[in-house]
Amino acid sequence: METMARPSNGFLSALSAEDYELIRPHLRMIDLPHEAILVETGETLKRAYFPHRGVISLVVKLAKGEHVQVAMIGRDSLLGTLSTMGDACALNTAVVLVPGAASVMDLDRLRDAADQSSTLRTLLTRHGLAVYAQVQQTAGCNAAHPVESRLSRCLLHTHDLSGDYRLLLTQEAMAQMIGARRNSVSLVANTLQHANFIHYSRGHIQILNLDGLRQTACECYATVKAQYDRLLGPR
């Protein structure tokens, strides 16, 4: 790992020069390997992750073995917002959905910096609220909307967070993303492919038509995006 200059992550780039200097000496760059588990439910989160590329999936594991994604974190935010303000015990499992790279720092260091700066605390709170808004919308979406709309929403969101049109997503990963069965995901992926919205082959997805996916997605995509813009947009 090596120290890096002012990075492109949305949270880090939004910091004032003074707040950035509080954490800059403690930042290190790491890879985010595909399917790497960053923390398991019930474990203590020890590091904050600021993705530059790639996507982190927050997953709830149920007693019968089902895994359901409740939120995603990408280049616009960080993993560890709420842990800096309270209990660092992970409420869900964090796993790398799309490989990439991230800045990391010890959570204790970030907590110390937040104790010194009200503006840093405010930004952390806003990012925590944005993730919470995403969790709430995902719960409602998975309960009420058809699989095709949910998959389109997740593909759009993954593209936004990763900045990439080519995604490595297995049927199992997509089923986890939207809380559906693999056979349902296979049927819907084929439907989206026949519409020329995506090209899908052996776990590799290429997004071909963003507008088509937006028309197919439910309102939850726009709702979450609007909440992020409101909470994290320029001030």
ask   = Can you give the relative contact order of the chain as a percent, counting alpha carbon pairs under 8 Å and 6+ residues apart?
value = 20
request  = Please report the relative contact order for the stretch 22-131, taking Cα pairs under 8 Å with a sequence separation of at least 6, and give it as a percent rounded to a whole number.
outcome  = 39
remark   = With every protein chain in place, the accessible area of VAL224 for a 1.4 Å probe, in Å² rounded to the nearest 10, comes to 20
query = What does the accessible area of ASP76 come to, in Å² to the nearest 10, when a probe of 1.4 Å is used?
reply = 50
inquiry  = Once neighbouring chains are kept in place and the probe is 1.4 Å, which whole percent of the accessible area of the stretch 1-158 is contributed by carbon and sulfur?
reply    = 52
note = Asserting the computed 222 nm helical MRE of the chain (DSSP H runs at least 4 long, -39500 (n - 2.57) per run, divided by residue count, to nearest 500) equals -14000 deg cm²/dmol
request  = Hydropathy first: keep DSSP H helices in the chain averaging at least 0.0 on Kyte-Doolittle, then drop any whose Cα extent along the axis falls short of 24 Å, and list what survives.
outcome  = 118-144
request  = Tell me which residues come under 5 Å, amide H to amide H, from GLY179 once H is placed; ignore anything under 5 positions away on its chain.
outcome  = GLN69
ask   = Using the Cα gyration tensor of the stretch 1-152, with a ≥ b ≥ c the square roots of its eigenvalues, what is the shape: rounded (a/c below 1.5), prolate (a/b larger than b/c) or oblate (neither)?
value = prolate
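The values are calculated or read from the model by the stated rules, or taken from the named source; none is laboratory data. Every value quoted in this text rests on a predicted model; they were computed, and no experiment measured them. To get the accessible areas, we keep the full protein, side chains included, count just its heavy atoms, and leave off ligands, DNA and RNA. Shrake-Rupley method; radii C 1.70, N 1.55, O 1.52, S 1.80 Å.
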